[in-house]
1. What number of residues within the stretch 173-205 are free of Cβ contacts under 8 Å to residues at least 60 places away in the same chain and under 20 Å from Val49 (Cα atoms)?
2. Quickly run through the stretch 142-158 and pick out the residues that are farther than 12 Å from Leu199 by Cα, small (Gly, Ala, Ser) and surrounded by fewer than 20 Cβ atoms within 10 Å (Cβ to Cβ).
3. One residue is enough: does the stretch 243-258 have a residue meeting the conditions modelled with pLDDT of 90 or more, more than 24 Å from the chain's Cα centre (by Cα) and of a type in the set (Asp, Glu)?
4. From the set of residues in the stretch 219-230 that are touching a helix residue (DSSP H, G or I) at 6+ places or on another chain (Cβ under 6 Å) and part of a strand (DSSP E or B), which is surrounded by the most Cβ atoms within 10 Å (Cβ to Cβ)?
5. Grab the helices (runs of 4 or more DSSP H) fully contained in the stretch 80-196, keeping just those with 1 or more residues being more than 21 Å from Leu209 (Cα to Cα) and either touching a Cys at 6+ places or on another chain (Cβ under 7 Å) or aliphatic (A, V, I, L, M) (or both).
6. If you go through the stretch 54-71 one residue at a time, how many are modelled with pLDDT of 95 or more, more than 14 Å from Phe20 (Cα to Cα) and more than 9 Å from the chain's Cα centre (by Cα)?
7. Filter the stretch 41-62 for residues that are in a loop (DSSP other than H, G, I, E, B) and polar (S, T, N, Q) and give the result.
8. Identify, please: which residue in the stretch 305-325 is free of Cβ contacts under 8 Å to residues at least 60 places away in the same chain and in contact with a Cys (Cβ under 8 Å, 6 or more places away or on another chain) and is, among those, farthest from Asn43 (Cα to Cα)?
Amino acid sequence: MTAASASAPALRVENLVKTFDVSAPWLNRLVERKPRQYLRAVNDISFAVPMGGCLSLVGESGCGKSTVARLVTGLYRANSGEMRFAPGQDGEPLSAQMIFQDPYASLNPRWRVKNIIAEPLREMKLRRSAAEIKERVDELLRTVGLSVSDGDKFPHEFSGGQRQRISIARALAGEPKFLVCDEPTSALDVSVQAQVLNLMRRLQEEFGLTFLFISHDMSVVRHMSDRIAVMYLGRIVEEGETEELFARPRHPYTQLLLQTIPNIQKPHRDRTVAAGEVPSPLKPPSGCPFHPRCPVATARCSAELPEMRTLGSGTRVACHLVEEA
């Protein structure tokens, strides 16, 4: 993995908020006398992605990770907050592309692979002639470990891992410096996951890419990341350097996530199990959002939202107990 630069970050996000209107239709609300309902999927989060490095967002399903990915790539518009990409060599903000979670749904089944990869080249006018486009498509196929002849096939003729390689080639066709990876290996077998992750690390070193990596698998993010931000119910509860966070997790939710990682040396070790289910984001709990499931919560946790504080190690954490300790 390339070392994260100490210079300005590739992406800085400040106080980002995204709310969805999930209200019933107007007539239903009128008859049932119900107000509008809003779901705050991303709730005032801030983070920075190191230039040439990888920041991973982790957390359970529904915590807002994929919403952040779509906000960063412009698929969603934020309600408030700022996102600033660092300028590239041409002075323009870094270009970003996205690798989607499901390789079966993200590729057009009616197009041949060569046309799928060529589309960004044509739409962004990165290559002019048909010969230049073909040469670039063939180069991208070889880069991701496929053969030139695979360009004449349709997506259904490939395995899941091969389809994700096609998705990576399509993303690289836009010549980005920033890649948003939305759980790119979660739909793949474990052995295939390793192949795709190693491919992504090689491409990062070869092309100087910066990754925003979305996952719920702590083992995967340890393999990929320079920094990790842990999300819960739309908020970041802890962020820090990868090895520091794995060695000394501060937030109780981070500690519970790390206990889910299988340990061959200690398969029967004692583990704390989180109580209850994840609260509904339509009716988030008062105070700290994790307090209904936290094994060490106090009365203050249910009454007061903890502030994000930076510790001496550079780790940021939002927890009353860490503050008091």
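1. Looking only at that region, the number is 3.
2. Across the stretch 142-158, the qualifying residues are Ser147, Ser149.
3. So far as the stretch 243-258 goes, no, none of its residues is modelled with pLDDT of 90 or more, more than 24 Å from the chain's Cα centre (by Cα) and of a type in the set (Asp, Glu).
4. Ile228
5. 113-123, 130-143
6. Residues meeting the conditions: 1.
7. Matches in the stretch 41-62: Ser61 only.
8. His320
The values are calculated or read from the model by the stated rules, or taken from the named source; none is laboratory data. These numbers come from a predicted model, not from an experiment. FYI the Cβ positions are ideal-geometry reconstructions off the backbone, even for glycines, and counts take in every protein chain you see.
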